[in-house]
2 protein chains.
Amino acid sequence: MAEFDLIARLTARAGARGDVALGIGDDAALLEVPAGEQLVACCDALNEGVHFLPGTDPADIGWKALAVNLSDLAAMGARPAWALLSLTLPRADADFVDAFMRGFSALADAAGTALVGGDTTSGPLSICVTALGCVPRGQALTRAGARPGDAVFVSGTLGDASAALEHLRPMGPRHPGEGRSDDDFPMSLRDRLHRPTPRIALGQALRGVANAVIDVSDGLLADLGHIARASGVGIELDAEALPASAALRTLLDPAERLRCQATGGDDYELVFTVPSERWETLRAIFPPEFRGALPITPSPPLAGEWAGVRGAFPAVTRIGRVVAGEGVRVLDADGVPVDFDRAGWEHFMDKVP
Amino acid sequence: MAEFDLIARLTARAGARGDVALGIGDDAALLEVPAGEQLVACCDALNEGVHFLPGTDPADIGWKALAVNLSDLAAMGARPAWALLSLTLPRADADFVDAFMRGFSALADAAGTALVGGDTTSGPLSICVTALGCVPRGQALTRAGARPGDAVFVSGTLGDASAALEHLRPMGPRHPGEGRSDDDFPMSLRDRLHRPTPRIALGQALRGVANAVIDVSDGLLADLGHIARASGVGIELDAEALPASAALRTLLDPAERLRCQATGGDDYELVFTVPSERWETLRAIFPPEFRGALPITPSPPLAGEWAGVRGAFPAVTRIGRVVAGEGVRVLDADGVPVDFDRAGWEHFMDKVP
């Protein structure tokens, strides 16, 4: 199959937006950034054996390749608009492309994102997605605004994806005695690894509320380390406050669970800091029936989990505080720092298989 | 070396622009598209063994990875502004990254393009660049505007890069009897393969002048085929009018030369169609001392070569005409169509090694 047939298959699922003056099919796309808004741009590649296991459903790869980029836009408080896709395949495989695009466009359509360009070429399986979005000028959220006294919140639950990854690796689960067969393995955890939900609506809602935001892609400690460095602050987390899914609580003992929550990558939740004067504003973001459950009282350490996911908004849990100093520490129930082997995923040391 | 050290090496050569509100170092870049302008976006990957030979100088890879994308912006008449780079490396190799960035930033600086984001990860060597630029609203050049009666022009010379590629392949030159040692091989042709010059200034100058534009990446016939299809026209080229460098004329016999000129990829020249009422405008684009040499008289077939390259502008040669109908044909001096095995590069059939 020639490249042009593949492009036709991609184009068929490209989606449409009124601000695409020219989409796939020319040398470049022509796009309209609204007056008063800034362009937000990011680009992340997914490689077989590094970011996903060989044999992963192509539809899941398609979803995730877009999701990790939309998550970056969400962490900026941006509204996603357009995507470019560079698809490298070992051979021109129509079935793969169709399945890939089924997953890619399922998320693209849900997020209102149009595929406007890219290329297909031959080589070891690799997917590079560029996501483009818009944000009102001056309102973007960054990693640099955290201040001592801010509370630290995280959306959703932590550790599910890394627990699933450890289970699904070819060499089996890390702890053979605790292993389960694939059939037994909770689908909810598998979905968290393969079909992460970028927190797009939450990111936009945090504009004017959060002082600093990042998405949890490499691991909570590693990613909060970026906020700490960019903001010139330290961060303390309460181990017991870190939100865990019911499936993860069933699957892992507390120590293993904490390791996955604190250092596992691929969660794609938003972690953000909010000053005390805006905790009520944060509470107001959430639907009335859940507001009471949002733990925003100032006395740390405060465990708690906002259990419901309502509409576009995930649960949000307060997990710690910004302090003067530097670094990120996880404190146990006695206030003693917990040691971890590492803070998160290192792209040149960790490989999936 | 951790990913973050690599990113520091990339950031050191990122360049600066006043319209970058936030560059490398957060979840995404924040960019300012000027009022009244459209965003122009494209994305092309380069894979080892497909787009460049194993052992190619990393500086050349860096240059070319950006060049092929800036060439796409040039073909839209856009002004390049920003780039994102996704770099996949087998290992965290600081020497490779430094050399790569030397080539990348040499072109980025010359083109006024700032590197604003991307990622580094491990895997088989692959480079994906996204180029972003701007164009005054409604003035972008596309493939779709060619009309019967337009003349077809091409910048620079054709076939140099493919002649160099055939010479440098590991299995040696295609025609052993004609082979030369690497030392003898003309550096000018090698540079045309490894360091293509995107025709950025020319592309912008063609706004309001050309009816249709494309860059020659896959091969002249293949790329003009896109214009023919998008515009619903046919195109006739005059074999003797196709511009060739002196080095190519010395290296190849006329039939081989014509094959490289018509079907070889990687030229990154602009080929464009101009209606007769704008031939004088086209002439006016060029510096006065060269205007007389620009062949714009209407009687086809007209050979001719505009030999000088002045400032940012390459030579421009009239090579044929747009006709009613469909398809692209090359006519010899007697007006007889020339047969070629193929029109150009097919990404899933051709591999470099």
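The values are calculated or read from the model by the stated rules, or taken from the named source; none is laboratory data. This structure is a prediction, so every number in the text was calculated from the model and none was measured. Methodologically, a virtual Cβ is constructed for each residue, glycine included, from the backbone with ideal geometry; neighbour enumeration extends over all protein chains shown.
Which members of the range B:199-227 meet the condition of being at pLDDT below 95 and among the acidic types (Asp, Glu)?
B:Asp218 - this is the single residue of the range B:199-227 that is at pLDDT below 95 and among the acidic types (Asp, Glu).
Kindly indicate whether B:Leu66 is part of a helix (DSSP H, G or I), within 7 Å of chain A (Cβ to nearest Cβ) and either at positive phi or buried (at least 24 other Cβ atoms within 10 Å of the Cβ) (or both).
So B:Leu66 fails the test.
Test A:Glu240 against the criterion of being among the acidic types (Asp, Glu) and either touching a Phe, Trp or Tyr at 6+ places or on another chain (Cβ under 9 Å) or at pLDDT below 95 (or both), and give yes or no.
yes
Which residues, taken from the range B:118-170, are facing another protein chain (nearest Cβ under 8 Å) and at positive phi?
Result: B:Gly118, B:Gly123.
Restricting to the range B:15-58, name every residue that is more than 7 Å from chain A (Cβ to nearest Cβ), of a type in the set (Gly, Ala, Ser) and in contact with a Leu (Cβ under 7 Å, 6 or more places away or on another chain).
Across the range B:15-58, the qualifying residue is only B:Gly15.
Determine if the range B:125-133 includes at least one residue that is at pLDDT 95 or above and within 25 Å of B:Ala315 (Cβ to Cβ).
Scanning the range B:125-133 turns up at least one residue that is at pLDDT 95 or above and within 25 Å of B:Ala315 (Cβ to Cβ).
Can you find a residue that is closer than 15 Å to A:Val20 by Cα, among the aliphatic types (A, V, I, L, M) and within 18 Å of the chain's Cα centre (by Cα) anywhere in the range A:81-96? Walk me through how you get there before you give the answer.
Narrowing the range A:81-96 to residues closer than 15 Å to A:Val20 by Cα: A:81-84.
Checking which are among the aliphatic types (A, V, I, L, M) leaves us with A:81, A:83-84.
Narrowing the set further to residues that are within 18 Å of the chain's Cα centre (by Cα) leaves A:81, A:83.
Within the range A:81-96, one or more residues are closer than 15 Å to A:Val20 by Cα, among the aliphatic types (A, V, I, L, M) and within 18 Å of the chain's Cα centre (by Cα).
May I ask you to verify whether B:Ala247 is buried (at least 19 other Cβ atoms within 10 Å of the Cβ) and not hydroxyl-bearing (Ser, Thr, Tyr)?
Against the criterion (buried (at least 19 other Cβ atoms within 10 Å of the Cβ) and not hydroxyl-bearing (Ser, Thr, Tyr)), B:Ala247 qualifies.
Of everything in the range A:69-107 that's more than 18 Å from A:Ala45 (Cα to Cα), modelled with pLDDT under 95 and at the interface with chain B (Cβ under 10 Å from one of its Cβ atoms), which residue is surrounded by the most Cβ atoms within 10 Å (Cβ to Cβ)?
Checking each candidate, the answer is A:Ala92.
Please specify each residue of the range B:198-244 satisfying the condition of being in contact with a helix residue (DSSP H, G or I) (Cβ under 7 Å, 6 or more places away or on another chain) and more than 13 Å from B:Val271 (Cβ to Cβ).
Scanning the range B:198-244 gives B:Pro198, B:Ile200, B:Ala205, B:Val209, B:Gly234, B:Ala239, B:Ala244.
Mind listing whichever residues of the range A:36-63 are of a type outside the set (A, V, I, L, M, F, W, C), assigned to a loop (DSSP other than H, G, I, E, B) and in contact (Cβ under 8 Å) with a residue 12 or more places away in the chain?
A:Gly36, A:Gly49, A:His51, A:Pro54, A:Thr56, A:Asp57
Any idea which residue in the range A:250-278 is surrounded by the most Cβ atoms within 10 Å (Cβ to Cβ), counting only those that are more than 21 Å from the chain's Cα centre (by Cα) and part of a helix (DSSP H, G or I)?
A:Leu251
Quick one: which residue in B:Asp238, B:Asp215 is out of contact with any Pro (no Cβ under 6 Å at 6 or more places or on another chain), in contact (Cβ under 8 Å) with a residue 60 or more places away in the chain and among the acidic types (Asp, Glu)?
So the residue among B:Asp238, B:Asp215 that is out of contact with any Pro (no Cβ under 6 Å at 6 or more places or on another chain), in contact (Cβ under 8 Å) with a residue 60 or more places away in the chain and among the acidic types (Asp, Glu) is B:Asp215.
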